[in-house]
2 protein chains.
Amino acid sequence: MISVAIIGYGNVGQHLHKAFLKTESIVVNQIYVRTLSKVAHLSSNMVTNNLATLKQADIYIIAVSDDAIPEVSAQIHSKNALVVHTSGSVSIDVLDKHKNKGVFYLLQSFSKNKAIDFNQIPFCLESNNEKNDALLLKLATAIGKNTYAINSNQRQQLHVAAVFVNNFTNHMYKIGNDICETHNIPFDILLPLIKETAAKVNVLKPTEAQTGPAKRNDIKTINNHLSLLNDQQQYIYKILTKSIQDG
Amino acid sequence: MISVAIIGYGNVGQHLHKAFLKTESIVVNQIYVRTLSKVAHLSSNMVTNNLATLKQADIYIIAVSDDAIPEVSAQIHSKNALVVHTSGSVSIDVLDKHKNKGVFYLLQSFSKNKAIDFNQIPFCLESNNEKNDALLLKLATAIGKNTYAINSNQRQQLHVAAVFVNNFTNHMYKIGNDICETHNIPFDILLPLIKETAAKVNVLKPTEAQTGPAKRNDIKTINNHLSLLNDQQQYIYKILTKSIQDG
């Protein structure tokens, strides 16, 4: 049995808590939250808003905003426990005061009201020694199955890659939606294409999957498209077309 | 029974042929192709490379490249038959010499070796009168189910919107893949996020689904990300971050 304290109760903290509750090998013995009224539904001896009153646990999971990690870490007296954070963009070094430290980064976009299938989520794990690696692996495989050893440098890179495939991709959807709304076209028409585009990279590399006027250097279609767009859309269309062609 | 001639035998022509063969209400009575050797597997009295020898049909489906549509249309003597093209970016007006004309545009990215589920594909239909509308609807619902009345102006807009959600999105995947390759990270780690991002817009509008450092105006993370990217990636990161923030 591994005992865990969850420090911070935002999207990540809440989803982890729910997942650990379903396991037999992990017990959550405490949850830290700044505002106790937010966890009124939990037993009062489970929760604290004072880091000085943290009980002993095998693993302290820091699931607070990136900026707050150093301050929270400083207030944890871990003794021999493993202290991990869950951030994609913060180095393991921020936890240097702890003898046993690690990162437990779940690469997924968490939404408050959407159930998460942890079997689909990649767990990116890092720690400062093999014993801690093994402990983190136990923690991860208790609730999921896709685990990767990812060091702090790789994790930072992964985090910025995720901005491209998630935030920037979603922005492409947003522009598509804007165009549809302006011309009274149901955005639904584009959903199968969005799904297919996402599915294709499961079987083809993105460069192999690429099609369209930029790839074909179909200047007539490109110019026609530009004539249909507003200034901001035109600007992005030109830059991404050039980037596709530059390879 | 609706008789159809398919003019052109690229991805679209081939997929349509396969789909029509499975129906009881549509019969393909002829296929035109420029190079006969490409259709050596088909019965020779089914195929022609000479538009002057086209037999009568209820519907002529022009599935050639956009640039070739006017020339092919000019050589079809349709009499009372309906002549349609399958292009997303060409107006119905290119078929003006025909009394009965229309557009049969399937908004999907077709790959040669990938089976297509026509029940997932949006059929964008347009014609010059109600009788032809009804005929096109019959043709579409014989092989699929999602049909939309889309005029030539809307279709052009839809085509450019599709470039954003398909080609440009795929380019975001490509940049994500480049970053992973450079740092020995398996691109597989990003696939669940790609799938989730695409699935989200089925239930949320893209603006509502947006997350990440640009949306939060998290300048520290943005600057850190920029420091990790090469020049071209930086340039795109900056422009798309600004575009997300401009809303």
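The values are calculated or read from the model by the stated rules, or taken from the named source; none is laboratory data. What you see is a predicted model; the values in this text were computed from it and never measured. Cβ coordinates were reconstructed from backbone atoms using ideal geometry, including for glycine residues, and neighbour counts include every protein chain displayed. Note: accessible area is taken over every heavy atom of the protein model, side chains too, but ligands, DNA and RNA are not part of it. Shrake-Rupley method; radii C 1.70, N 1.55, O 1.52, S 1.80 Å.
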For this session: State the residue of chain B whose Cβ is nearest the axis carrying B onto A, and the distance in whole angstrom.
Result: B:Ala198, 2
Exercise. If you stretched the chain out fully between B:Ala149 and B:Asn45, how much longer would it get, using 0.36 nm times the residue separation minus the C-alpha to C-alpha distance?
Worked result: 33.9 nm
Problem set entry | Sequence-separation-based contact order of the stretch A:140-247, relative, with Cα cut under 8 Å and 6+ spacing, percent | 16
Exercise. By DSSP, what percent of the beta bridges with both residues in the protein assembly as shown are antiparallel, rounded to the nearest 5?
Worked result: 15
Exercise. Relative contact order for chain B using alpha-carbon pairs under 8 Å, separation at least 6, rounded to a whole percent?
Worked result: 12
Exercise. Non-local amide H neighbours of B:Thr147 (under 5 Å, H modeled in plane, Pro and chain starts lacking H): which ones?
Worked result: B:Phe123
Seminar exercise, completed: With the 8 Å Cα cutoff and a minimum separation of six or more residues, the stretch B:74-168 has a relative contact order in percent of 26
Exercise. Peptide A:231-239: average number of partner chain Cβ atoms within 10 Å per residue?
Worked result: 3
Exercise. When the Kirkwood radius is taken over all Cα pairs of the stretch A:20-77, what Stokes-Einstein diffusion coefficient follows at 20 °C and 1.002 mPa s, in µm²/s?
Worked result: 171
Seminar exercise, completed: If R0 = 22 Å, then B:Asp96 and A:Thr182, at their Cβ-Cβ distance, give a FRET efficiency to the nearest 0.05 of 0.20
Exercise. If you take the beta carbon distance between B:Lys138 and A:Arg216 as r and set R0 to 41 Å, what does 1/(1 + (r/R0)^6) give as a FRET efficiency, to the nearest 0.05?
Worked result: 0.80
For this session: Note down, for the stretch A:41-104, the three equivalent ellipsoid semi-axes (square root of 5 times each alpha carbon gyration tensor eigenvalue), biggest first, whole angstrom.
Result: 20, 14, 10
For this session: Starting from the Cα gyration tensor of the stretch B:1-134, take the square roots of the eigenvalues, sort them a ≥ b ≥ c, and report rounded, prolate or oblate (rounded when a/c is under 1.5, otherwise prolate if a/b is larger than b/c, else oblate).
Result: rounded
Exercise. Peptide A:209-221: average number of partner chain Cβ atoms within 10 Å per residue?
Worked result: 5
Problem set entry | Probe 1.4 Å, accessible area per residue of the stretch B:154-247, Å² | 40
For this session: Using a 10 Å cut-off on Cβ to Cβ distances, tally the other chain neighbours for every residue of A:149-160 and report the average as a whole number.
Result: 5
Problem set entry | Net charge dipole size for the stretch A:1-139 [Lys, Arg +1 and Asp, Glu -1 on Cβ; Debye, nearest 20] | 440
Problem set entry | Choice from A:Lys195, A:Lys99, A:Lys131 showing the highest fluctuation, given a GNM over chain A with Cα pairs closer than 10 Å | A:Lys195
Problem set entry | Accessible area of the stretch A:54-146 divided out per residue, in Å², using a probe of 1.4 angstrom | 44
For this session: Can you list the distances in nanometres, one decimal and ascending, from the A:Asn153 label point to the identical position in each other copy, with the point 7 Å along Cα to Cβ?
Result: 5.6
Exercise. When you count, for each residue, the other Cβ atoms within 10 Å and take the mean per peptide, how do B:134-146, A:221-233, B:52-64 rank with the highest first?
Worked result: B:52-64, B:134-146, A:221-233
Exercise. When each copy gets a label point 7 Å from Cα toward the beta-carbon at A:Asn217, what are the spacings between them in nm, shortest first?
Worked result: 4.3
Exercise. What is the Å³ per residue value for the convex hull set by the Cα atoms of chain A?
Worked result: 168
Exercise. Helix A:169-182: angle to the longest alpha-carbon principal axis of chain A, degrees 0 to 90, nearest 10?
Worked result: 50
For this session: Let me see the pair-distance distribution of the stretch A:133-223: every alpha carbon pair, 5 Å bin width, integer percents in order.
Result: 3, 9, 11, 15, 19, 14, 10, 7, 5, 3, 2, 0
Problem set entry | Within straight-line cross-link reach of A:Lys238, lysines at Cα separation under 19 Å, skipping those fewer than 8 residues along the same chain | A:Lys174, A:Lys215, A:Lys220, B:Lys174, B:Lys238, B:Lys242
Problem set entry | Signed unit charges on C-beta, dipole axis of the stretch A:111-247, positive-most listed residue A:Cys180, A:Leu158, A:Ser243 | A:Leu158
Exercise. What is the diffusion coefficient of the stretch A:80-143 in µm²/s, taking the Kirkwood radius over Cα pairs and the Stokes-Einstein relation at 20 °C with a viscosity of 1.002 mPa s?
Worked result: 171
For this session: Name the residues whose placed amide hydrogens come within less than 5 Å of the amide hydrogen of B:Asn100, ignoring near sequence neighbours (fewer than 5 apart) on the same chain.
Result: B:Val83
Exercise. At B:Ser43, with labels set 7 Å past Cα in the Cβ direction, how many nm apart are the copies from this one, shortest first?
Worked result: 7.7
Exercise. Using +1 on the beta carbon of Lys and Arg, -1 on that of Asp and Glu, and nothing else charged, what's the dipole of the protein assembly as shown about the Cα centre, debye to 20?
Worked result: 560
Exercise. Hey, which lysines would be in cross-link range of A:Lys138, C-alpha to C-alpha under 24 Å, not counting anything within fewer than 8 residues on its own chain?
Worked result: A:Lys18, A:Lys22, A:Lys55, A:Lys79, A:Lys97, A:Lys99, A:Lys101
For this session: Taking only the C-alpha atoms, wrap a convex hull around the protein assembly as shown and report its volume per residue in Å³ as a whole number.
Result: 168
